[in-house]
Structure formats: C-alpha cells, structure tokens
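Just below is one structure, and these are the notes that go with it.
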C-alpha cells in the first residue's frame, strides 16, 4: 500500500482532475471532463459527494469497500480515509462530484446540523442507490448549485449555495429512508442475526468483555454503528442502545429464576464488574431489585 495523500483544498481537488476552480470553498465537476487521476488513497479534509453513473473500480472507505452500483451516491466527510488501492494505474472518473470545505458552512444552520446526516459516516454496502426519478431530483439540486458557481458573486451567493446543499442532503435523507424500506427483507434478516448475537453473547463466556455495546454489535454484523443505529430505530422504534438494554434485562430476568445462583454470580455472568451496578440497572428498568423480583416470582 502506497503513502496516504492529504486532500486539503478545493483547488487541489480540481487540479488533480484538470478542472478550473470557480470558488475557493466549493466545486461541482462533470467528471467526464476530468483528466484521468492516479489511483491512490487519500485523507479528506473536505465534504465530498460523488454521483456515480457507472461502477469504475472498488472504492475503499476506511478499511472496507463501498459496494456501489450504477447511479449510486457516495459520501465522504472530513477526517475520513477513502480512495483506491494504489497499483500505479490511472483511472477516468465518471458522474458528478460535489466537494466543499467545512468553512463554507461554518456559522450557518447547515453547519450546526451537518452531523445529523448520518450517511456521511456509512460504511460497507451503504452507498445510496437512486432510481431514475430520484436521480432527476438530485440533478436539479446539483444544477442549482452549479448555476450559483457561474453566476457573478453577490451578497446572496453563499446563502443560496448553502441552502441548495441542504436541500440536496434532505432529499438524500428521504431516499435513504426509502432504501431502508425497500431493503426491508435484508433488514429483517439483520435483526434476526442481531437477536442471535445477543442471545449467544450471554451463552458464551463473555464476562471479561463486559456488556455488549452498539459498536460491538455493529462490528459483528459488518455494519457501521451509525447505519446499524438507524436500521434498528427504523425497524423497532427504539435506539440500538435501548434495544440492547431491553435484551439484557430479558436475559437477566431468565437468569434470576435460577435460584442455584446468587444475584452476585448472575451479575458477573452478565458482564458486570460490580454486582451493585447490576442491581441498580435492574431496579431502574424493572422497578424492583433482582432479589425482590426473584422473591415475587
């Protein structure tokens, strides 16, 4: 693997593709007009949205690969590692590329809500696949941004550019919700695997590992924590943490019926380092201490 380059500015992004810089903080490129780029990995300091019209190569995103198809949207945020395995080849980009520096949205409403667009941290098999109708809507949003970039700069320019980026992201959020629904059978399968994962967690000797976390479950299911959290909330109406907590309580109740073990032994089996933490958690969620629950049942 070759050295990792830093992508620090809009000018650098444009120059690598042989295209003109119209604005120092944002660019919108028709990639068919870009020159071939050297295959490499880079650490981005920009927000980047790629609309790919066709699959050109296996894009690496962090340690994993984006599983994208034709007409897919890929999202990269500042601080993320992306690109291709370096092999000395040149690659002709395709589709559209929108890149903007975080300074563009600082102090704006979008700057304050940017973290809410979870798809900027999605991982394996989480590209947004769009329909022909959805693509047309996105192209209209890209078109409005492009118009502002060629329009003479005035006091309205930044506001309109940022507003249209926000409109684009809000549509992407809607389309991601649609993707959750259209992939419902896949999500149900993931839920089943999640249930099995939690059940098996307490069957195996996991006491040294502590309680299962959202990060642990997401990793075991080969999903990013953000995507996993969104999926669980869409399917169950609960956060992933709440769902795990309820499963922990259900397992704890079953174990408490085994009177051959003390409450402290059960607490250790559940992954608690201190039995009093288990007692406090149980009473908070059940309304009774473990001992009272055992006595009453």
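A few remarks follow.
- Label point distance in nm, residue 203-residue 92, each placed 7 Å from Cα along Cα→Cβ: 5.4 nm
- Rounded if a/c under 1.5, otherwise prolate or oblate - region 199-297, Cα gyration tensor axes: prolate
Computed from the coordinates by the stated procedures, all read-outs in this text should not be read as laboratory data. What you see is a predicted model, and the numbers here were worked out from it, not measured in a lab. Virtual Cβ from ideal backbone geometry, glycine too; neighbours counted across all protein chains shown.
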